[in-house]
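So the structure is just underneath, and the comments pick up after that.
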Amino acid sequence: MINTPIKTSQRVFEILEAFEDTQRPMALKEFVDVLGYPASSASALLKSLVALGYLDYDRVSRTYMPTMRVASLGNWVHSALFGEGEVLTLMQGLSEACGETITLAVQSDLFVQYVYLIPSRLPIWYSIPIGMTRPIAQSGIGWLMLGLRSDEDIDLIVRRVNFREQLASKRVSLDTLLPEIQKGRRNGFIISQHTLEHGAGSIAMLLPEKRFGRVFAIGVHGPVERLDAKCEDILEQLRSGIAML
C-alpha cells in the first residue's frame, strides 16, 4: 500500500522546485513543457500562487517569479536543524576530513528522510538528494533509530513497513533485522553496506539531542571499499564531534 500525494499539492511543490532548478523567472510554457501539465491547469495554479503572494507575474515578459514570501517560509528551519551551527560545523569537518557524502537524517514516521547533505568531493556513481526518503527498516540509519524503540514497537513498525511494500522481495524479516538493530545499540553506531544499492555503504551515529521531539542522525556515505579503508578515522571523528555538541 503506497500513499500518493494529492495532485494539486504535488504540483505546487514541483513548480517551486522548478524555480530552484532554473533559478530565474519562468513562463507558463516552460512549466507545461518541463512538468507536462495541461496548459489550463498550470495557468490556474500559477495564478492562484500569485493571488496568495507566493509568486509575482510580469506582464511584459509574461514570466513568474517566487516572492520573498517563499524564501521566508523556511528561515527558521536552519536554526531548528543546526542550532547555533554546531551540527553544520561537525558535518563540514567530516566532509573536509574524509571527502565523502555527509548527510543529516531524521525519522519521519515509517521513513528516514535526508534533510541536509554535503556532497562527496570524491568520485561516486549514485546520489542522495535532499528530501529523499527510505523505509526505516531498510536503511542503516533507520536501524539506529529503531534501536531507540522496544522490540515490541519494532515488530509493529516492521509489520507496517511490510504492509506498505508492494514488492515481496523488499519486505523485511524481523529475524534478520533485530540482530542489526541490537548491534547498533551495543556499538552506538551502524555500518551498513549494499542497502541503498550494491557497492554503496554508510557509517552513522545518532545525535544526542532530540530537536522538536525528532530523532536525528549523521551519516557518512560512499563506496564500501573507501569507507572500509577509513572506517576507524570516521568513527573517531563522529564520536569526538558528537561529544562536543
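What follows is calculated from the coordinates using simple rules that are stated; it is not laboratory data. Just so we're clear, the structure is a prediction, and the values are computed from it rather than from any experiment. Cβ atoms come from the backbone with ideal geometry, glycine included; neighbour counts cover every protein chain shown.
List of remarks:
- Charge dipole (the stretch 1-140, unit charges on Cβ, about Cα centre) - positive-most of T101, I130, A51: A51
- Sorting S120, S48, S139, S95 by the number of Cβ atoms found within 10 Å of their own Cβ, with the fewest placed first, yields S48, S95, S120, S139.
- Translational diffusion coefficient (Stokes-Einstein; Kirkwood radius from C-alpha pairs) of the stretch 136-216 at 10 °C, 1.306 mPa s, in µm²/s: 120
- Mean ellipticity per residue at 222 nm, deg cm²/dmol - from DSSP H runs of n ≥ 4 across the chain, formula -39500 (n - 2.57): -14500 deg cm²/dmol
- Its residue count N sets the reference 2.2 N^0.38 Å, and the alpha-carbon radius of gyration of the stretch 109-245 equals 1.03 times that reference.
- Highest mean first, the peptides 160-171, 22-33 sorted by other C-beta atoms within 10 Å per residue fall in the order 22-33, 160-171.
- Here the Karplus relation 6.51 cos²θ - 1.76 cosθ + 1.60, evaluated at θ = phi - 60°, turns the backbone of the stretch 36-43 into coupling constants of x, 7, x, 4, 5, 5, 4, 4 Hz, with x for every Gly and Pro.
- Here, the stretch 7-72 is characterised by an Rg to Rh ratio of 0.91, where Rg is the alpha-carbon radius of gyration and Rh the Kirkwood radius.
- Using C-alpha pairs under 8 Å with a sequence gap of at least 6, the mean separation divided by the residue count of the stretch 7-72 gives a relative contact order of 30 percent.
- GNM on the chain, alpha-carbon springs under 10 angstrom: the most fluctuating residue among L94, L45, L207 is L45.
- The order of R226, R69, going from fewest to most other C-beta atoms within 10 Å of their C-beta, is R69, R226.
- Karplus-derived HN-Hα couplings along the stretch 169-186 (A = 6.51, B = -1.76, C = 1.60, θ = phi - 60°), whole Hz, x at Gly and Pro: 5, 9, 6, 9, 8, 4, 5, 7, 6, 4, x, 5, 5, 5, 5, x, 4, 5
- Residues whose amide H falls under 5 Å from that of V112, counting only those 5 or more places apart or on a different chain, are R134, I136, with hydrogens built in the peptide plane.
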